[in-house]
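Asker: Provided herewith is a single structure, encoded as structure tokens, for subsequent inquiry.
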Amino acid sequence: MESALPAAGFLYWLGAGTVAYLALRVSCSLFTAFWLWVVGNEAGVSLELGEWAVVTGSTDGIGKSYAEELAKRGMKVVLVSRSQDKLNQVSSEIREQFKVETRTIAVDFSSEDIYDKIKTGLAGLEIGVLVNNVGMSYEYPEYFLEIPDLDNVIKKLININILSVCKMTQLVLPGMVERSKGVILNISSASGMSPVPLLTIYSATKAFVDFFSRCLHEEYRSKGIFVQSVLPYYVATKMSKIRKPTLGKPSPSTFVKSALKTVGLKSRTCGYLVHALMASFTLALPSWIYFKIAMNMNKAVRAHFLKKNKKN
Ligand SMILES: NC(=O)c1ccc[n+]([C@@H]2O[C@H](COP(=O)([O-])OP(=O)(O)OC[C@H]3O[C@@H](n4cnc5c(N)ncnc54)[C@H](OP(=O)(O)O)[C@@H]3O)[C@@H](O)[C@H]2O)c1
């Protein structure tokens, strides 16, 4: 009887300690979430970093919204995208609305020989922010060997989603390091966080962007450079083929406003509270359940696409 008393005391303190530890962890998480998603860091991106922002894939969707939000903060913007007509239109919209200077560089990121032209276009500019946003995905989910024009798709996905991020960084980072300040925002995807079968190459290219960003952040944070890996779920854009924004699939403007508030606070983020909650849920699933769901969802999308296109 007597020897049971110290054991009971020990268990009491062990239990109390565990409860206190868990309470502290939960409070810290809630405080961090409040700070990140409610308060945010409006000053994470500003003119202080440098006069110019460069955005790739900036004539539509998420890239266009980044260009607009950066211009709203007073930054001059270099728009780098494919079609000169669309560039001219977005450029004049931004100039009129935000009264900032703009420049355009028309290049196709599926080619490898465009970087001298971009280098010339950026020469002499004090670049504070680079948004590596340009990206392409599959036309529809498909088994690797059955992707139409596979050779070309492999080349385009690698050049647009991977090469562009490395080469743009190579062009812009030296100036940032010289001035000991700068922000690089790399748009990965939730499919770079959890592998997505039937979008295999896309998913793998986005994992590259995530790893590249996280490593680069560690290499250059002490030199004053903040590199962020942004991993969104669906955003209502041309690429996702979602026309009507919802709470879970926000408009590019809603998404970018939210993501920009995390700059300086989080080097790896879904960018949007609902997407962060979706990520916590997905990552908590056992991988066999996750893969079963992801595979079945994409099989259904594939079947729907093939049926619809057979009819037309
Ligand atoms: N939307 C989503 O649900 C989602 C989710 C996760 C991650 N992301 C990522 O977010 C980024 C932006 O996607 P988004 O949905 O905003 O795409 P989007 O609406 O299709 O816009 C893509 C932009 O990139 C330009 N572009 C496309 N291919 C190009 C090329 N070969 N050379 C030069 N410019 C090119 C487009 O110009 P044109 O107008 O001339 O085509 C357009 O300005 C991508 O990296 C994507 O992987 C998107």
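Asker: Could you state the angle between the C-alpha long axis of helix 61-72 and the longest principal axis of the C-alpha atoms of the chain, as a value from 0 to 90 degrees rounded to the nearest 10?
Answerer: Between helix and principal axis, roughly 90 degrees.
Asker: Measure up 181/238; 72/223; 241/299; 238/292 against 22 Å on the Cα-Cα distance and list the ones that go over.
Answerer: The pairs that break the limit, which is 22 Å between Cα atoms, are 181/238; 72/223; 238/292.
Asker: Could you tell me what % of all Cα pairs in the chain have separations over 28 Å?
Answerer: Of the Cα pairs, 44 percent sit more than 28 Å apart.
Asker: Going Cα to Cα from residue 156, which aspartates and glutamates come in below 14 Å? Please leave out same-chain ones fewer than 8 positions away.
Answerer: 108, 112, 113, 139
Asker: Which one of 236, 306, 289 is farthest out on the positive end of the charge dipole of the range 190-312, using unit charges on Cβ (Lys, Arg +1; Asp, Glu -1) and the Cα centre as origin?
Answerer: In the range 190-312, that residue is 306.
Asker: Shifting gears a bit: Once each part is reduced to its C-alpha centroid, what is the distance from the range 46-95 to the range 240-271 in angstrom?
Answerer: What the calculation gives is 17 Å, centre to centre.
Asker: Report, in deg cm²/dmol and to the nearest 500, the calculated mean residue ellipticity at 222 nm for the chain, where each DSSP H run with n ≥ 4 adds -39500 (n - 2.57) and the sum is divided by the residue count.
Answerer: Rounded to the nearest 500, the figure is -16500 deg cm²/dmol.
Asker: Moving on. Relative to the longest principal axis of the chain, what angle (0 to 90°, nearest 10) does the C-alpha long axis of helix 200-220 take?
Answerer: 80
Asker: Considering only protein heavy atoms and a 1.4 Å probe, what is the carbon-and-sulfur percentage of the accessible area of the range 42-311?
Answerer: 57
Asker: To the nearest 10 degrees, how steeply does helix 84-98 sit against the main Cα axis of the chain, on a 0 to 90 scale?
Answerer: The helix 84-98 is inclined about 70 degrees to the chain.
The values are calculated or read from the model by the stated rules, or taken from the named source; none is laboratory data. Just so you know, these numbers come straight off a predicted model, no measurement behind them. Glycine also receives a Cβ, built like all others from the backbone with ideal geometry; neighbour counts cover every protein chain displayed. The accessibility values were calculated without ligands, DNA or RNA, using every heavy atom of the protein model including side chains. Shrake-Rupley method; radii C 1.70, N 1.55, O 1.52, S 1.80 Å.
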